[in-house]
Amino acid sequence: LAVTLPHSDAKYVQLFKGQTFECLAQGLIDIFHHIGGVPRVIRFDNMSTAVKAIKAYGEREVTDNFRRLQCHFGFESNFCNPNSGNEKGSVENYVGYSRRNYFVPVPEMTDLVMFNRELLPDCDKDLKREHYKLERLVSDLFEEDKVKLKPLPRYPFEVSKHVLCRTNAYGMAKFATNS
């Protein structure tokens, strides 16, 4: 998961074993807590963990789990247009930067949660550079971003996927490939 804040160009990354809703939610939560707040608007790709369907006029039908995350943290979502990689150039460039700087050579770890925790302060070190356009330190611009963040909710978000299902005559339910 790669997150960039466009005004300051502050950037954060988290590593996960897959691209599930739970990974998205946990990554965002960890980043929100690390930076001390929630961005008011977050631009997303049209990932299936967030978007059920792309409708007419750019509307999106979001998944129930994504809506739950959005309502809990109070952020607005904005989605990229399909097949428009140019709209997310900053974050795409950061994915490459992250791979080269944090994941080469391939890190060895025994605890992914601890690795991700240690990765966030490493991302903070990148704030010491000069903004590519504004000729100011990213850390100073990031302080301006922080003032505009929404406060963290009082209660924690339960990182789980809620799924409605039916049981058979034996009271068994099927989820994904498990039964």
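The values are calculated or read from the model by the stated rules, or taken from the named source; none is laboratory data. Being a predicted model, the structure only gives us computed values, none of them experimental. Neighbour counts are summed over all protein chains in view; Cβ atoms, including those assigned to glycine, are modelled from backbone coordinates with ideal geometry. Protein only, heavy atoms only, side chains kept; ligands, DNA and RNA dropped before computing areas. Shrake-Rupley method; radii C 1.70, N 1.55, O 1.52, S 1.80 Å.
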- Counting just the residues of the range 142-179 that are over 24 Å from the mean Cα position of the chain (by Cα) and among the basic types (Lys, Arg), which one comes out nearest to GLY27 (Cα to Cα)? LYS174
- Task: Would you mention how many residues in the range 140-179 are open to solvent by 80 Å² or more (accessible area, probe 1.4 Å) and on the phi > 0 side of the Ramachandran plot?
- Result: 1
- Message: List the residue pairs whose Cβ atoms are under 6 Å apart, where the first residue sits in the range 78-107 and is polar (S, T, N, Q), the second is outside any helix (DSSP H, G or I) and open to solvent by 40 Å² or more (accessible area, probe 1.4 Å), and the two are 6 or more positions apart or on different chains.
- Response: ASN78/VAL41; ASN78/ARG43
- Filter pass, TYR57 being aromatic (Phe, Trp, Tyr), in a helix (DSSP H, G or I) and under 26 Å from LEU119 (Cβ atoms): no
- Query: Would a scan of the range 81-94 turn up a residue that is in contact with a Gly (Cβ under 8 Å, 6 or more places away or on another chain), closer than 22 Å to VAL41 by Cβ, at pLDDT 90 or above and open to solvent by 40 Å² or more (accessible area, probe 1.4 Å)?
  - Reply: no
- Note on the structure: Quick count over the range 63-80, residues being in a strand (DSSP E or B) and either closer than 22 Å to LEU152 by Cα or at pLDDT 95 or above (or both), is 3
- How many residues does the range 104-129 contain that are outside any helix (DSSP H, G or I) and surrounded by 13 or more Cβ atoms within 10 Å (Cβ to Cβ)? 0
- Among what's in the range 32-62 and is touching a residue at least 40 places away in the same chain (Cβ under 8 Å) and touching a Phe, Trp or Tyr at 6+ places or on another chain (Cβ under 8 Å), pick the residue that is farthest from LYS125 (Cα to Cα). ASP45
- Task: Being in contact (Cβ under 8 Å) with a residue 24 or more places away in the chain and open to solvent by 30 Å² or more (accessible area, probe 1.4 Å) is the filter here, so list the residues in the range 63-77 that pass it.
- Result: ASP64, ARG68, HIS72, GLY74, GLU76, SER77
- Failed item, numbered, when ARG40 is tested on (1) out of contact with any Leu (no Cβ under 9 Å at 6 or more places or on another chain); (2) open to solvent by 30 Å² or more (accessible area, probe 1.4 Å); (3) at negative phi: (1)
- May I ask you to list the residues in the range 1-37 that are hydroxyl-bearing (Ser, Thr, Tyr) and surrounded by fewer than 21 Cβ atoms within 10 Å (Cβ to Cβ)? THR4, THR20
- Item | Answer from ARG154, ARG100 - the residue that is basic (Lys, Arg) and not in a helix (DSSP H, G or I) | ARG154
